[in-house]
1. Roughly how many Å² of A:Leu129 are accessible to a 1.4 Å probe, to the nearest 10?
2. Can you tell me what the convex hull of the Cα atoms of chain A projects to on average, as an area in nm²?
3. I'd like the per residue volume of the convex hull spanned by the Cα atoms of the range B:103-219, given in cubic angstrom.
4. Suppose R0 equals 60 Å. What FRET efficiency, 1/(1 + (r/R0)^6) with r the Cβ-Cβ distance, do A:Lys211 and B:Asn70 give to the nearest 0.05?
5. Fully extended, how many nm does the chain gain between B:Thr157 and B:Ala93 (0.36 nm per residue separation, minus their Cα-Cα distance)?
6. At a Förster distance of 25 Å, what's the computed FRET efficiency of A:Asn178 paired with A:Gln223, Cβ-Cβ distance as r, to 0.05?
7. Using protein heavy atoms only (no ligands, DNA or RNA), what is the total accessible area buried between B and A, 1.4 Å probe, nearest 100 Å²?
8. Where the label is 7 Å out from Cα toward Cβ, how close does B:Val105 come to the same position in every other copy, in nm, shortest first?
There are 2 protein chains.
Amino acid sequence: MKRIANIIAISSGKGGVGKSLVASTLALTLAEKGYTVGLFDLDFTSPSTHLILGIKDVQPREDNGLVPPNVHGLKYMSIVYYTGEHVLPLRGADVSNVLIELLSVTKWGKLDFLIIDMPPGIGDATLDLLRLVKNVRILIVTTPSRLAFETVRKLATLLKELKIQIVGIVENMKMIPNESLKQQTLKLHLAFLGEIPYDPKIEEAIGNANKLLETAFAKKLRQVITRIKA
Amino acid sequence: MKRIANIIAISSGKGGVGKSLVASTLALTLAEKGYTVGLFDLDFTSPSTHLILGIKDVQPREDNGLVPPNVHGLKYMSIVYYTGEHVLPLRGADVSNVLIELLSVTKWGKLDFLIIDMPPGIGDATLDLLRLVKNVRILIVTTPSRLAFETVRKLATLLKELKIQIVGIVENMKMIPNESLKQQTLKLHLAFLGEIPYDPKIEEAIGNANKLLETAFAKKLRQVITRIKA
């Protein structure tokens, strides 16, 4: 992974806040700008970037490792290529083993950005990844809900203890205008990267990368990107 | 747990669908009807029923085991009593060990209903619980989102393979009227227990059990209950 200039892991305190959607769309919009981008779905709890981007019938190619296929201008790799549509979940140490194997066998080549879709919360997989991948920076996605932000607080505290760099926080699915979450973010001494209004059109765009790029959601994320680079 | 007439575990394919809110409110509404009810928060990924019900300054009592405190007419027990506000998460086997210990030391006494708030998805904790607790029935919460339902499909398939009884599916945070999810539920040969419209008032009711019982959300859940009993 030494040839990757920026590794950004998209994380969240809990599920259902739009983490995978942010990861997928962020990768697309970075590629749209001309960067060489990889998208790596490591959310073994519910891998969904392949559904979001409508990816099927492509596979990584074996060549002294796994070469990710090019999809929608991205190099794409997902844990589903490993687990398939198996119903029985990976247990305990298997999760770590698969994660470590995927990290070591995937041949990304030279990248400007690698976007990683992380499992929600702080589990073994998250801790393994932080231990194994150097120079990873974390972007945290949350909703305005108090319950979601409580989990963000825990996640941010842990990341700081581990001395992991946090890019900042994106507030997703905003419905009622207020600055409450922004203020709480600043109190945690974290960057507030912006808010994304709830976008009812998103559901229709699931499975269609082009449609996704036309949503208000994507438009807002393009603004977030300018803050990440800075 | 032999003295518990009904054990209902509230589960979901992914996080952020309102599982903990359904678990908490369901327990409250059953108690309101005069049943003896326990609420057991085993969602170690982000325990939140204590935040939802505004529970603080009460602790289980030690008496040859742990006797859950009475809160809002419920017997209440949560994994936070074990993990506290520790930032560092439990790893691998520790999760199983804590879960098994909590299951064995908690003295519920005689109950009509025990409502368990499960971790989202299918992880080690879910599998352990299904193995250890006999006669548990699963109520699955989802949102109308296609991504959420994909995870429900997996969860339901696994539960059927394990011969675990599924009470049915509740569709939460409904915004656009349609029968799409109901039809898909019936195709899986599962009971559709009802839909709950998105309720913007919920956020204000977080932390206040009485307010929670007055929401449109609680009203809808009372209808769901009648279907569970049948």
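The values are calculated or read from the model by the stated rules, or taken from the named source; none is laboratory data. Because the structure is a prediction, the values reported are computed rather than measured. Because the Cβ atoms are built from the backbone with ideal geometry, glycine has one as well, and the counts that use them run over all protein chains shown. Surface accessibility is based on the protein's heavy atoms, side chains included, excluding ligands, DNA and RNA. Shrake-Rupley method; radii C 1.70, N 1.55, O 1.52, S 1.80 Å.
1. For A:Leu129, the solvent-accessible surface is approximately 0 Å².
2. Working: hull surface 48.1 nm².
If you wrap the Cα atoms of chain A in a convex hull and average its projections, you get 12.0 nm².
3. Working: hull volume 16.4 nm³, N = 117.
Hull volume over Cα atoms, normalised by residue count, gives 141 Å³.
4. Numbers: r = 52 Å, r/R0 = 0.87.
Computed FRET efficiency for A:Lys211 and B:Asn70: 0.70.
5. Details: separation 64, 0.36 × 64 = 23.04 nm, distance 2.52 nm.
Additional length available on full extension: 20.5 nm.
6. On the way: r = 19 Å, r/R0 = 0.76.
My answer for the efficiency is 0.85.
7. Details: alone 11630 and 11620 Å², together 20220 Å².
For B against A, buried area totals roughly 3000 Å².
8. Output for B:Val105: 4.2 nm, nearest copy listed first.
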